[in-house]
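Asker: My questions will all concern the structure given below.
Laboratory data are not the source of any read-out in this text; all were calculated from the coordinates shown. Just so it is clear, the model here is predicted, and its values are computed rather than measured. Note that we place each Cβ from the backbone using ideal geometry, even for glycine, and neighbour counts take in every protein chain shown.
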């Protein structure tokens, strides 16, 4: 009886760790979930001191693969080649931080939005700036020729432009400007990683969601990824993976849904 029970348990376990096969997912290679990533865009994708891939998208993609009983296989590729490689079946999907836009939705099938970002105002901890309207008449640093510059001007701020956002952040730390408008995730990572004496205003000045793009002929795979993603957000795993990097969970409250 013990032998029979052991065999039965092993059989059940085998099925539990291989749900992808049972669902007939449209994988390029059975048993593997391959994902394109840049590997050079912190905090989304980057290298650890020992050369291993890490970052928000890497952690989330790995966990999705684990929940599907698949081996996670990263494919490092340049941004401009992401969609070309996707369409030529070089990998199953791209995990690189891609904004979900109506134009891109015509080309690819996005999984449900996995991360929310957008423009946020960064200030010193004791700043009187508590909401976007408070920057009127204040000096705000932005990266030159970006949407942040237009947003700051629209809010009535006196704009100072920079060729590198790190210079704007440093000027803010030094008290040379009153605030910086930049991407929420990038700012959160900089504050967390460098332990900067800065905070972000709660209210966003713009919104965007990141999505994982797939070819449109992979609806089963996208549905499986959506379920894995929803489950890991619901059970707290997503927060445990992302909070150490940016200080909070960037899961969208209302994800943009896949358009099957």
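Asker: Could you give me the percent of Cα pairs per 5 Å distance bin for the stretch 119-200, shortest bin first, beginning at zero and ending with the bin that holds the maximum distance?
Answerer: In whole percents, the pair-distance histogram is 3, 18, 32, 29, 15, 3, 0.
Asker: Can you give me the distance in nm between label points at residue 80 and residue 243, each placed 7 Å from the Cα along the Cα-to-Cβ direction?
Answerer: 4.1 nm
Asker: For the stretch 101-163, what class follows from the C-alpha gyration tensor (a ≥ b ≥ c being the square roots of its eigenvalues): rounded when a/c is under 1.5, otherwise prolate if a/b is larger than b/c, else oblate?
Answerer: Details: a/c = 2.95, a/b = 1.99, b/c = 1.48.
Prolate.
Asker: What angle, in degrees between 0 and 90 and rounded to the nearest 10, separates the Cα long axis of helix 237-246 from the longest principal axis of the Cα atoms of the chain?
Answerer: In the chain, helix 237-246 runs at an angle near 30 degrees to the longest axis.
Asker: So, one more: Place a label point 7 angstrom from the Cα of residue 107 along the Cα-to-Cβ direction, then list the residues of the stretch 55-79 whose backbone nitrogen is under 18 Å away.
Answerer: Those under the cut-off are 77-79.
Asker: Quick one: go through the stretch 158-182 and flag any residue whose amide nitrogen is under 18 Å from the point 7 Å out along the Cα-to-Cβ line of residue 203.
Answerer: 158, 179-182
Asker: Sticking with this structure for a sec: Relative to the present Cα-Cα distance, how much length would full extension add between residue 47 and residue 223 at 0.36 nm per residue of separation?
Answerer: Working: separation 176, 0.36 × 176 = 63.36 nm, distance 2.97 nm.
Full-extension gain reported as 60.4 nm.
Asker: Let me ask another. How big is the gap, in Å, between the Cα center of the stretch 202-225 and the Cα center of the stretch 55-85?
Answerer: 13 Å
Asker: Could you let me know the centre-to-centre spacing of the stretch 93-125 and the stretch 128-147, using Cα atoms, in angstrom?
Answerer: Between the Cα centre of the stretch 93-125 and that of the stretch 128-147, the gap is 22 Å.
Asker: Same structure, new question: If I take every Cα pair under 8 Å that is 6 or more residues apart in the chain, average their sequence separation and divide by the length, what percent do I get for the relative contact order?
Answerer: On the way: 475 pairs, mean separation 65.1, N = 260.
Normalised by residue count, the contact order of the chain is 25 percent.
Asker: Next up: Could you state the angle between the C-alpha long axis of helix 2-16 and the longest principal axis of the C-alpha atoms of the chain, as a value from 0 to 90 degrees rounded to the nearest 10?
Answerer: The angle comes out at about 40 degrees.
Asker: Please check: in the Gaussian network model of the chain (C-alpha springs, under 10 Å), which one of 230, 187, 111 has the largest mean-square fluctuation.
Answerer: The residue with the greatest mean-square fluctuation here is 230.
Asker: So what's Rg/Rh here for the stretch 40-182, counting alpha carbon atoms and using the Kirkwood radius for Rh?
Answerer: Values: Rg = 18.9 Å, Rh = 17.8 Å.
That ratio is 1.06, to two decimals.
Asker: Just want the ordering: 212, 93, 260, from fewest to most Cβ atoms lying within 10 Å of their own Cβ. All intermediate terms of the calculation are to be shown ahead of the outcome.
Answerer: Details: 212 31, 93 27, 260 8.
Arranged by neighbour count, lowest to highest, 212, 93, 260 become 260, 93, 212.
Asker: Further, regarding this structure: On a 0 to 90° scale, report how tilted helix 219-234 is relative to the longest principal axis of the chain, with both axes built from alpha carbons and the result rounded to the nearest 10.
Answerer: It works out to around 60 degrees.
Asker: Over the chain, with a Gaussian network built from C-alpha contacts below 10 Å, which listed residue (84, 222, 180) shows the highest mean-square fluctuation?
Answerer: Taking springs between Cα atoms under 10 Å, the residue moving most is 84.
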